[in-house]
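Okay, so here's the structure we're looking at.
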Amino acid sequence: MMELTYWRLREDESRIAWLTFDCPGTATNTFSSAALRELIQVAEALAQSTPRGLVIQSAKDNGFAAGADIDEFTRLADVDSAMAFISLGNEAFDRVAGLPFPTVALVHGFCMGGGMELALACRYRVADDGPKTRFALPEVLIGIVPGWGGAKRLPPLIGVAPALDLMLSGRGVDGRKARRMGLVEATTARRHFANAARAIIDKPPRRRGPPLEAAASGWPVMREITAAVSRRKVLEKVRPEQYPAPFAILALWKSFGGEVARMPADHPYSMQRLFAHPTTKNLIRLFKLQDRLKALGKTGGGAAFKRVHVIGAGAMGGDIAAWCAMRGLTVSLQDLSPDRIAPAIKRANGLFRKRLKQPHLVRSAHDRLIPDPTGEGVARADVVIEAIVEKAEVKRDLYSRIEPRMKAGALLATNTSSIPLEQLSGVLARPERLLGLHFFNPVPQMALVEVVTGPQTSAEVAAAGAAFTRAIDKLPLPCRSAPGFLVNRVLSPYLLEAMLMVDEGVPPETIDAAARAFGMPMGPIELADLVGLDICRAVGEQLAKPGMPEPQALKAHLAAGQLGKKTGRGFYDWSGGKPRRARGTGTVDLEPIADRILLPALNEAVACLREGIVADADLCDAGVIFGTGFAPHRGGPISAIRERGPQAWLQSLAALRAKHGERFTADPGWDAIA
């Protein structure tokens, strides 16, 4: 008999052992040192008692296991402690893998990181066939490599190329795709798990390796070719000095068979080097900040959301409606005529097919998205989202007409990107229920929603807005109402400075290359084209400071009807679907260009922090990263300031002010950052 805290072990009458993972006091299973030591203890006992088979399952409704306990991981005082934690996990999972009888993992919900590595340590896997099942090795997203056996066990199971794709991207696959890949032996409804496990143990299936073409990429000659091809693909996206983890995964597989313990500590891509790298620290911090934003959505007082009414079927409104329908809500979508709603329904169809895949799920989502040109859904909606033209007087007129039709307790949300709520609430009989829910484009890809509260917004409405944001699987960022809120206020001067440099004759390609060299996922000129040059101008006009110059190239494109990607032409030619641009930047020094376009954004982030637009520096960093894609490896604007040092940035700011004028005046908040 063993005293177990994290696991429950029983043996049934047919001598099958059932091991249930059940971390106490939490809704999610994670691997702490204590849980791993108990698993070693269980494996040792089972190796002695030799049941006919072992079934490992989870007691949690949300999933199998989420990986390592990130709180314990981040509390580790030094690299040696981190490596001891890695070694403990390897010992635990190697013990499971070495058991002399069939072992079966029953996986439902998320099976991430260490959870997937435990499943891989079992001989067989059964997955729930529902849409919430997700297998992933996302360690690369926090700057490390799969360290508990995933890198050595996955390639022989599904083939090197598919395994590297999963490890290098961190993306997940559902149960059905996992079966097609050979990752699991069977998929079934969770209620049939026990029978499926017994069938496997009673008659263990012959283990199939990957198809010949998949296995061949692991042969010696092909290994070199596969590694070289994969490295070239990774280099197209990230730089090794900024994101070393993908290159470490390739080195780990190519030279050490996926065994972390075999890689010398002084290897450039060893786990020890990764733990000490600033990117890893920043990405782990970002992971925890994401959890903090998720927790902000748990304070909504149990608000239930079933129906949403979206007014405005343009690019933003239509995609917000489609996203809400995909997340299970009934959505009515209003615009002036059915013809205006039709393109949004067509885009929704593409989203549903891409994300939901299964025909019955696609049909259900379509059934939940209701064209509503007359606005009948207003009276039944729990949340009414306005996503119309960015003009305060038009929005106020709409509110005065729809508020009398809204039911008691319903939220009225505006998707305005820059207008303070104080300018919109005056026409309302109940101004306390107006808040901002500012989504970002493209809605399906951008996780952040700014939950904006004005002085009139009640605390209950603010909490309900955050809860709604989480209900549709977005990240809520509480913001105080002010022109541009946080994200657009930081983003606008960045885009403006880039356009002014175009006016000076600097090629857009060079400006964008400088931003990417800093670590941005795309440059400011390409981003402006994607957002829409008309939207950039509208937001810029809302946020313009006295004496701010007007970009002439932007003005010319707008006059010609060239609004960016949506019209096929902006600063770039988008006729082929991607920006057509000249290659290379010659011998131009990109760092001064990057500093010039970034400093106005950093200065504005400092001002937002000083003014209390968000509560603290962590939320400022999280908002700008999740809302704009700001270089994640640098940890956000405030983190980037601290990394280089405020005084170094201030010196550059002063030099730019002397050359280009008052728009480079340092905000008083820099003193607090220093």
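Criterion first (within 23 Å of VAL449 (Cβ to Cβ), part of a helix (DSSP H, G or I) and at pLDDT below 95) does ARG396 satisfy it?
Details: within 23 Å of VAL449 (Cβ to Cβ): yes; part of a helix (DSSP H, G or I): yes; at pLDDT below 95: no.
Considered against the rule, which asks whether it is within 23 Å of VAL449 (Cβ to Cβ), part of a helix (DSSP H, G or I) and at pLDDT below 95, ARG396 comes out as no.
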Cβ pairs under 8 Å, 6+ apart, first in segment 376-398 and open to solvent by 10 Å² or more (accessible area, probe 1.4 Å), second among the polar types (S, T, N, Q) and assigned to a helix (DSSP H, G or I): GLU390/GLN542; ALA392/GLN423
Quick one: in segment 421-478, which of the residues that are among the β-branched types (Val, Ile, Thr) and more than 30 Å from ARG171 (Cβ to Cβ) is farthest from the chain's Cα centre (by Cα)? VAL427
Restricting to segment 578-614, what's the tally of residues that are surrounded by fewer than 19 Cβ atoms within 10 Å (Cβ to Cβ), in contact with a strand residue (DSSP E or B) (Cβ under 7 Å, 6 or more places away or on another chain) and not basic (Lys, Arg)? 1
Within segment 10-19, can one find any residue that is surrounded by 13 or more Cβ atoms within 10 Å (Cβ to Cβ), modelled with pLDDT of 95 or more, within 27 Å of the chain's Cα centre (by Cα) and within 25 Å of HIS192 (Cβ to Cβ)? no
From the list ALA594, ALA622, ALA556, ALA666, which one is at pLDDT 95 or above and out of contact with any helix residue (DSSP H, G or I) (no Cβ under 8 Å at 6 or more places or on another chain)? ALA556
Residue in segment 240-264 that is nearest to HIS633 (Cα to Cα), counting only those that are open to solvent by 30 Å² or more (accessible area, probe 1.4 Å) and in contact (Cβ under 8 Å) with a residue 12 or more places away in the chain: TYR243
Hey, among ALA342, ALA304, ALA313, which residue is more than 25 Å from ALA467 (Cβ to Cβ) and surrounded by fewer than 19 Cβ atoms within 10 Å (Cβ to Cβ)? ALA342
Just checking, which of ARG657, ARG634, ARG642 is over 19 Å from GLU611 (Cβ atoms), touching a Ser or Thr at 6+ places or on another chain (Cβ under 8 Å) and surrounded by 13 or more Cβ atoms within 10 Å (Cβ to Cβ)? ARG657
Test for LYS407: is it in contact (Cβ under 8 Å) with a residue 12 or more places away in the chain, crowded, with 19+ Cβ neighbours inside 10 Å, in contact with an Asp or Glu (Cβ under 9 Å, 6 or more places away or on another chain) and among the basic types (Lys, Arg): no
Please count how many residues of segment 118-143 are open to solvent by less than 10 Å² (accessible area, probe 1.4 Å) and within 21 Å of ARG273 (Cβ to Cβ). 2
Quick one: in segment 51-86, of everything that is more than 17 Å from ALA27 (Cβ to Cβ) and among the aromatic types (Phe, Trp, Tyr), which residue is least open to solvent (accessible area, probe 1.4 Å)? PHE85
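Condition check ((1) assigned to a loop (DSSP other than H, G, I, E, B); (2) in contact with a helix residue (DSSP H, G or I) (Cβ under 7 Å, 6 or more places away or on another chain)) across all residues:
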residue: GLU3; (1), (2): yes, no
residue: LEU9; (1), (2): no, yes
residue: TRP18; (1), (2): no, no
residue: CYS23; (1), (2): yes, yes
residue: THR26; (1), (2): yes, no
residue: ALA35; (1), (2): no, no
residue: GLU38; (1), (2): no, no
residue: VAL42; (1), (2): no, no
Among the residues of segment 116-128, are any within 21 Å of the chain's Cα centre (by Cα) and modelled with pLDDT of 95 or more? yes
Among (1) out of contact with any Asp or Glu (no Cβ under 6 Å at 6 or more places or on another chain); (2) open to solvent by 10 Å² or more (accessible area, probe 1.4 Å); (3) of a type outside the set (Gly, Ala, Ser) - the single one VAL449 does not satisfy: (2)
State whether one or more residues within segment 358-375 are over 20 Å from ALA459 (Cα atoms), open to solvent by 60 Å² or more (accessible area, probe 1.4 Å) and touching a Lys or Arg at 6+ places or on another chain (Cβ under 8 Å). no
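Condition check: polar (S, T, N, Q) and either at positive phi or buried (at least 24 other Cβ atoms within 10 Å of the Cβ) (or both). Does THR187 satisfy that? Before you say what the answer is, go through the steps one by one.
Working: polar (S, T, N, Q): yes; either at positive phi or buried (at least 24 other Cβ atoms within 10 Å of the Cβ) (or both): no.
For THR187, the condition - polar (S, T, N, Q) and either at positive phi or buried (at least 24 other Cβ atoms within 10 Å of the Cβ) (or both) - is not met.
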When residues of segment 322-338 are limited to those that are of a type outside the set (Phe, Trp, Tyr) and closer than 21 Å to LYS132 by Cα, the one surrounded by the fewest Cβ atoms within 10 Å (Cβ to Cβ): GLY328
Among the residues that make up segment 403-423, is at least one of them assigned to a helix (DSSP H, G or I), acidic (Asp, Glu) and touching a Leu at 6+ places or on another chain (Cβ under 9 Å)? yes
Options ARG223, ARG292, ARG231, ARG206: the member that is touching a helix residue (DSSP H, G or I) at 6+ places or on another chain (Cβ under 8 Å) and without any contact (Cβ under 8 Å) to a residue 40 or more places away in the chain: ARG231
Is it fair to say THR628 is over 27 Å from ASP291 (Cβ atoms) and either touching a helix residue (DSSP H, G or I) at 6+ places or on another chain (Cβ under 7 Å) or surrounded by fewer than 23 Cβ atoms within 10 Å (Cβ to Cβ) (or both)? no
Test for PHE101: is it aromatic (Phe, Trp, Tyr) and either surrounded by fewer than 22 Cβ atoms within 10 Å (Cβ to Cβ) or within 21 Å of the chain's Cα centre (by Cα) (or both): yes
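Residue-by-condition table, conditions (1) out of contact with any Asp or Glu (no Cβ under 9 Å at 6 or more places or on another chain); (2) among the polar types (S, T, N, Q):
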residue	(1), (2)
ASN29	no, yes
SER33	no, yes
LEU36	no, no
VAL42	yes, no
ASP94	yes, no
VAL107	no, no
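The values are calculated or read from the model by the stated rules, or taken from the named source; none is laboratory data. Remember, predicted model here, so these are calculated numbers, not experimental data. As a convention, Cβ positions derive from the backbone with ideal geometry for all residues, glycine included, and neighbour counts pool all protein chains shown. Please note that ligands, DNA and RNA were not included when accessible areas were found on the heavy atoms of the full protein model with its side chains. Shrake-Rupley method; radii C 1.70, N 1.55, O 1.52, S 1.80 Å.
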